[in-house]
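Input: a single structure, listed below in structure tokens.
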Amino acid sequence: MRLLDRRLFVALGAAFTLAACNGGGGSAGAATSEDMTLGNADAKVTVVEYASAACSHCATWNEEVWPAFKAKYVDTGRVHYVFKEFLTPPIDLAAAAFLTARCAGEDKYFGVIDAVFRAQNTMFTTGDVRGELLRIANSAGLSEEEFNQCIRDEEALKALNERVERAQREDEITGTPTFLVNGKKVDGEASLEALDKAIAEAEAAAK
């Protein structure tokens, strides 16, 4: 079941090329007021993650690496974590998830994204994307009517498309997840060990 009216995408004339999950990346992307962030904004190290709510590799990182990364770096104030939204197929799932998370509010945004990642397998297995997203939206305090209005918000979708286009055009992001530590891309799988090394180098350079 399609979540978003196909005409919304056509009307917006989105120019970006659909990216792949678990692809490569490019130059650094600075945090903007449109991005969702966690941690100490004045930290010497900024870790940027480009992720798609529809990316299975992003979901795996969220489950296997994020808890330890957050406890070690975000909760302690060592890292300013910046989450940049990106779109990979299935595009309707990715877009609707991000729109729903933003409608839930900044304080619930990351909780909604976490729930979407955890529900990915069920969505892909059953095909009931709308039902799962509605359940998540309800748990975040949104009614079904609010959820429907949220995922059909043309202005919000246009803003999301513009953020993705900018990431592709200016930051040369081609896939997710892509991580940048103080502007430097982390090559290969972003394991906790790889991020440890990149953060240590960034901290040393910032002294």
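Extending 7 Å from the Cα toward the beta-carbon at both Asp42 and Glu155 defines two label points whose distance is 3.5 nm.
Pairs from the list Lys44/Lys185; Lys108/Lys185; Lys70/Lys108; Lys84/Lys108; Lys72/Lys184 with a Cα-Cα gap above 22 Å: Lys108/Lys185. Starting from the coordinates of the alpha-carbon atoms of segment 22-135, obtain the Kirkwood hydrodynamic radius over all distinct pairs and give the value in Å to one decimal. Taking the inverse mean of 1/r over all distinct Cα pairs, segment 22-135 comes out at 14.7 Å.
Can you tell me how segment 153-207 classifies by the Cα gyration tensor, rounded, prolate or oblate, using a/c under 1.5 as the rounded cut? Prolate, since a/c reaches 1.5 and a/b exceeds b/c. Rounded to the nearest 20 debye, the dipole size of segment 159-202 about its Cα centre is 120 debye, using +1 on the Cβ of Lys and Arg and -1 on the Cβ of Asp and Glu. Net charge dipole, the chain: roughly 180 debye, given to the nearest 20, about the Cα centre with Cβ charges of +1 for Lys and Arg and -1 for Asp and Glu.
Label sites at Lys72 and Thr60, each approximated as a point 7 angstrom past Cα along Cα to Cβ, lie 1.9 nm apart. With unit charges on the beta carbons (Lys and Arg positive, Asp and Glu negative) and the dipole taken about the Cα centre of the chain, which residue among Gly105, Ala198, Gly77 sits farthest to the positive side? Result: Ala198, furthest along the dipole toward the positive end.
Global size of segment 27-88: 11.7, 32 Å for Rg and Dmax (C-alpha atoms, Rg to one decimal, Dmax whole). Percent of C-alpha pairs per 10 Å bin in segment 35-206, short distances first: 10, 38, 35, 14, 2, 0. The relative contact order of segment 32-95 comes to 53 percent, based on Cα pairs under 8 Å that sit 6 or more residues apart. Compute the distance from the alpha-carbon center of segment 37-70 to that of segment 85-111, in whole Å. Centre-to-centre distance over Cα atoms comes out at 15 Å.
Restricting attention to the chain, close to 55% of DSSP beta bridges with both partner residues there are antiparallel.
Between the C-alpha center of segment 164-207 and that of segment 143-162 there is a gap of 29 Å. Computed extension gain for Thr122 through Ala30, at 0.36 nm per residue and net of the alpha carbon distance, reaches 29.7 nm. Here the label points at Glu189 and Glu203, each 7 Å from Cα along the C-beta direction, are separated by 2.4 nm in the simple model.
Where a number appears in this text, it was derived from the coordinates with a stated rule and is not lab data. Everything numeric in this text was worked out from a predicted model, so none of it was measured. Methodologically, a virtual Cβ is constructed for each residue, glycine included, from the backbone with ideal geometry; neighbour enumeration extends over all protein chains shown.
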